[in-house]
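**Student:** The structure that follows is given in the form of structure tokens.
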Ligand SMILES: [Zn+2]
């Protein structure tokens, strides 16, 4: 099974994010991620599911997402 595309960049396949069950958009400024529950983003440390309209978030997606996921998983 190949990773699904980003819902904002439908021509781009998401890539697995580290040793997690999460796939992330390869576009750094995009920040879209996908897990078994659907698309989400990490905004100010919070997992936000569904459509978001936050403009130009400048952050390192992988790092922030991993942090939030670890916080959620309690590891
Ligand atoms: Zn994207």
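**Student:** So which residues in region 46-63 are loosely packed, with under 10 Cβ neighbours inside 10 Å and either modelled with pLDDT of 80 or more or within 9 Å of the chain's Cα centre (by Cα) (or both), if there are any at all?
**Tutor:** 50
**Student:** Shifting gears a bit: Can you tell me which residue within region 23-35, out of those that are surrounded by 20 or more Cβ atoms within 10 Å (Cβ to Cβ) and either under 13 Å from residue 47 (Cβ atoms) or within 9 Å of the ligand (Cβ to nearest atom) (or both), is nearest to the chain's Cα centre (by Cα)?
**Tutor:** Once the filter is applied, the top-ranked residue is 33.
**Student:** Moving on. Evaluate the following for residue 66: is it closer than 22 Å to residue 2 by Cα and at pLDDT 85 or above?
**Tutor:** no
The values are calculated or read from the model by the stated rules, or taken from the named source; none is laboratory data. Everything quoted here is computed from the prediction, not taken from an experiment. With ideal geometry, Cβ positions are generated from the backbone for all residues, glycine too; neighbour counts draw on all protein chains shown.
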